[in-house]
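Read through the structure below, which is laid out as structure tokens, and then see the notes.
The values are calculated or read from the model by the stated rules, or taken from the named source; none is laboratory data. Here the structure is a predicted model, which is why all the values come from computation and not from measurement. Positions of Cβ are generated from backbone atoms using ideal geometry, with glycine treated the same way; all protein chains shown enter the neighbour counts.
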Amino acid sequence: MLPSRLLNRIWLLVVSLVAMSTGSDAAEPQWASGMTPVQTQMVQRAFYDAMSVVRAVALTFDPACDVYFQRYFSDADATFVKHAFRALANVDLNAPTMNIAQAAALMTAPLTGAALPDKYSKLSISYGDHPLTPPHLGYFPHHCQTAGVRGYLTFSLTDPNYAFLSLCTWIFGAYLPLGFTLFPPNSLRGYPGTTCDGLGDHETDYMRNPGWTVLHELMHWAAFFNDVPDYAVKIRRNPQNIIQIDHYTGTNPPHGNEPFYAAQVKNLPSVDGYSLAINNADSYPCYATVRAWSVLCEGKFFGPSPSLEDYSRRTADWYRRNPPAPQQPPRRLARSEDTITDTVPEDGFDCAYDEEGDLIVCD
């Protein structure tokens with residue numbers, strides 16, 4: 001493990017990735033109107049967590065030596081995956097790769113000259129259904145009141161370069177922010193899945209944070225990636241004739257969400273010349289999250305997820321504490337962000353936050 005002082009410096013910088021040294025917030029997303037200060041803080045933290053894991057991949061990308069890349073992607077996917085993560089993190093596509101120690105040192109140094117891509121200024125993020133979501137939802141037949149949806153992305157009817165990201169409220173009660181997992185406050189000492197040791201020796205959703213959903217949905221944002229080299233070559237058109245990273249929709253595995261199934265998608269043959277892994281949105285946060293935890297935990301190895309049931313620790317715990325209403329039959333959506341087989345309560349938290357948005361206790 002890294003010394004606690006160094007880890008704290010790393011974390012302070014990780015959560016400040018959007019507050020770059022230029023002092024400008026021009027590239028920050030817009031935070032949807034109508035949110036309380038606490039809700040805004042939680043949404044912002046989810047975005048920052050997504051940028052944290054994106055940056056970990058962008059700075060340390062070395063597919064030949066990265067067991068986690070090999071778990072979710074093939075060698076033929078490497079260049080596009082590198083370019084996609086570096087575009088998200090605003091790292092030069094040709095910048096040299098850093099080892100873990102170098103990346104940690106950079107993360108604890110002043111962020112001079114760093115900034116987010118300008119495209120993020122055209123993204124608006126909401127706690128719950130976004131108030132600017134087009135009323136017909138376009139070709140997205142789901143929303144936060146629909147069973148199993150963690151989040152979704154829609155686009156402006158007048159300018160598809162503008163995107164609206166809805167983060168469904170229940171994910172903030174089910175999953176801890178990255179920083180609270182790494183450095184649990186006193187109220188969470190001993191809470192399952194906290195600290196590098198508490199994460200265990202293989203992938204589970206103890207590693208998951210609300211930023212996972214942010215990253216998954218960003219992968220759907222076609223306008224963000226349309227100038228990434230080979231995007232139009234590597235990414236196929238969806239049923240709406242848009243070149244877009246979508247979801248794996250085969251039957252074996254039944255879907256491409258969560259590490260257990262995303263790792264299986266990697267081993268499937270290409271379809272019409274397209275890699276199914278790089279065309280599956282959840283493959284990116286699956287890879288980035290475990291890679292980031294390996295970096296933060298000083299190279300600790302995490303084995304693969306052995307089953308969906310073993311992976312779903314926090315999700316299953318949330319369902320035990322928040323059973324679905326009996327009048328709502330369970331259902332699965334074909335195109336939701338991260339579908340799960342049961343229904344989801346409309347709202348509610350197991351975690352309490354203070355007026356500054358800091359977590360107090362989970363019970």
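Annotations for the structure displayed:
- Conditions (1) modelled with pLDDT of 95 or more; (2) within 21 Å of Trp293 (Cα to Cα); (3) among the charged types (D, E, K, R); number of the one not met by Arg189: (1)
- In summary, helices (runs of 4 or more DSSP H) completely within the range 143-247 and bearing 2 or more residues that are of a type outside the set (Lys, Arg) and over 21 Å from the mean Cα position of the chain (by Cα) occur at 231-234.
- Which listed residue, of Thr158, Thr181, Thr154, is closer than 21 Å to Ala262 by Cβ and hydroxyl-bearing (Ser, Thr, Tyr): Thr181
- Matching residues, the range 222-248, being of a type in the set (S, T, N, Q), touching a strand residue (DSSP E or B) at 6+ places or on another chain (Cβ under 9 Å) and modelled with pLDDT under 95: Asn226, Asn238
- Checking each residue of the range 9-32 against the condition of being in contact with a Ser or Thr (Cβ under 9 Å, 6 or more places away or on another chain), modelled with pLDDT of 95 or more, under 20 Å from Tyr120 (Cβ atoms) and small (Gly, Ala, Ser) gives at least one match.
- Check on Pro323, modelled with pLDDT under 95 and over 27 Å from Cys168 (Cβ atoms): no
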